């Protein structure tokens, strides 16, 4: 049980003698018992970060602490870290029991104690029935359980999970996700998960570190990154279906500042909270989540009258799509099931509280972009 | 005009049976989805319709004429694959035109030009004709791929998971694009997928297949609201439908359901009547995650006590997993719900939105009693 602290951690690789900055001055403080996700597209530096914590990769500069121990120069096995990778790397000739006990045996712990520990952890992960089986006889989900059991048996201070679900398909994956989340509440061990799947990060983590091109973009709770993305990258990366993001220009009409799309298909009053940030004549990136637009009957300053381009009933929800132009579709997701067809006229209300405005050039959230200049 | 019929199709590879006795009819202009998990036999079936595989038994009919002995290239069907396989060095125009310039279908250049323009207009890509594939978005590439298949004016489109392998966000967008195109196409289409969202969104009718057998054929509405069995019910929806055993018990004059070992739950009148008439003592009860409510006080006698097992926010919604008497029940709730792990919680199952199966889950007994769904219009 311990805090994990990354202080100005950098990683520079040399590729054809040219330096490549894989991780740029990363600062993260994970609380004791916290579940933190490192989330980003492939190549963003998240796995490199995990490998530096594990000791499988040298740290170019900066420090990593577990509690008050600086671990930079410690051998991986002395860091007191549990590791579970995406490909389970179980020893095929050994039974599940022996796979889990392998590391304890290496440490020459008495057999009786090993047995106790294995049974305790097996019960926690619900694999007691599998202890005598060989890995080949297990399903993907079962293998991952054994894998995690093996990582946990050493009672690590920090548990590292590298894409633990990405090998599993659809339903097994979702069930395993629920299990891992529950397991974390039982063991309460500081846990870092690396994933490229934003749903997985949202579902599991207490806080998410969104990383892009080696740079930490935002570190916050799932709802913080979902509701208040700091820039267009985070806004687009988090959430499925993705946030609607398109170009607007601020115009003055009857003395009131409006946002409008180039073809005027969408036009409405600039929300109160943005008025002091928005300049007439400027272009902006306008974002709103599909769940923050509702179908309504009456008009107000935030309704848009339009026509349905595509309608989908997906059972649990329905999705309405409006073609804005050749390249852009505006999507609306509603838990209330409507029945529309192509060409139907509808009124859509944009929740003014949930509109996001980003700077056209920097992609920063507008409030933030202005603070920075 | 084209309808497709398959009759009694059987196919084995070596000793393994891949398809056993598949029959259905696809109507003219219908968008027909073959849905099933990996390994169900979907692609094999599509390849049999295309003429690439020969079935061990059974027949394929196009417009009521048996085409068993017609070569694939003479069947007048067009296959659309996942990666569209566009020629990178050719413009959009030349890509679409390529089938009409091939030795087999060679047409005069003025016909090629007319046809490419016609198809490009239908697919709304007429403004892209001079570009190369690398300059196109994914949605545009898909349109070009379809355009190339369309130009031969095939009678039937066969599509094998054209968008399934894209990431979730792109799939959402591409599905909308595909559906938008579909409206303008009017060509009989057979579409294979293992993504239930694609099936529900695109299909006029869905054939659910599993282990080489048809589980159900129906409209999306029928499949979703009246699943023929537990397999079909579980295949549509995520998180999947909760299904548990229930015992029919008599309390005073009323029939109730005993679930999770003890709790007696009131059930609608028509269900009481049904179980009484058929003398059913055990049923399987299915309820979708969005049709279970929760609360922290016992509002009525139908509320069941449990403990919060996990809470997974997924954006606007969250999956709440509740442990009730050694079983896990999943609910779909707003993600800003205030929920503590391990706290006591009451769940309330809306019995009017449940689906009842027989004791082994093989047959539907009743579903969504008394629920008036607005209109009939689940129309794709």
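What follows draws every value from the coordinates through simple rules; no lab data is involved. Source: prediction; values computed, not measured. Note that we place each Cβ from the backbone using ideal geometry, even for glycine, and neighbour counts take in every protein chain shown.
What to note about this one:
- Per-residue mean of C-beta atoms belonging to partner chains within 10 Å, peptide A:173-182: 5
- Projected area, mean over directions - the protein assembly as shown, Cα convex hull, nm²: 39.8 nm²
- Compared with the dominant principal axis of the Cα atoms in chain B, helix B:109-122 is inclined by about 20°.
- Taken as Cα centroids, the stretch B:1-64 and the stretch A:132-202 sit 39 Å apart, rounded to the nearest whole angstrom.
- Separation of alpha-carbon centers, the stretch B:159-191 and the stretch B:260-312, rounded to whole Å: 38 Å
- Taken over the Cα atoms of chain A, the convex hull encloses 182 Å³ per residue.
- Computed from the C-alpha gyration tensor, the three semi-axes of the ellipsoid equivalent to the stretch B:4-230 are 30, 21, 15 Å, from longest to shortest.
- Shielding of B:168-174 by partner chains, average beta-carbon count, 10 Å: 5
- Extent of the stretch B:242-379 along its three principal axes (Cα atoms, max minus min coordinate, largest first): 44, 42, 27 Å.
- Percent breakdown of C-alpha pair distances by 10 Å bin, ordered from the shortest bin, for the stretch B:176-306: 10, 31, 28, 19, 10, 2, 0
- FRET efficiency for the pair residue A:94 and residue B:132, taken as 1/(1 + (r/R0)^6) with r the Cβ-Cβ distance and R0 = 51 Å, rounds to 0.40.
- Label-to-label distance, nm, for residues given as residue A:126 and residue B:234 (7 Å Cα→Cβ offset): 1.4 nm
- Folded to 0 to 90 degrees: helix A:140-152 orientation relative to chain A principal axis, Cα: 60 degrees
- Of the residues B:131, B:205, B:288, the one that moves most in a GNM of chain B with alpha-carbon contacts below 10 Å is B:131.
- Candidates A:339, A:258, A:356: whichever shows maximal mean-square fluctuation once chain A is modelled as a Gaussian network with Cα springs under 10 Å: A:339
- Mean separation of Cα contacts under 8 Å, 6 or more apart, over the residue count of the stretch A:4-237: relative contact order %: 28 percent
- From the C-alpha gyration tensor of chain B, square roots of 5λ in Å: 47, 25, 16
- Peptide B:186-199 - average C-beta neighbours from other chains (10 Å radius): 1
- Nearest-ten-degree value, helix B:138-150 long axis tilted from longest Cα axis of chain B: 60 degrees
- Estimated FRET transfer efficiency when R0 is 56 angstrom, pair residue B:243-residue B:87 (beta carbons, to 0.05): 0.70
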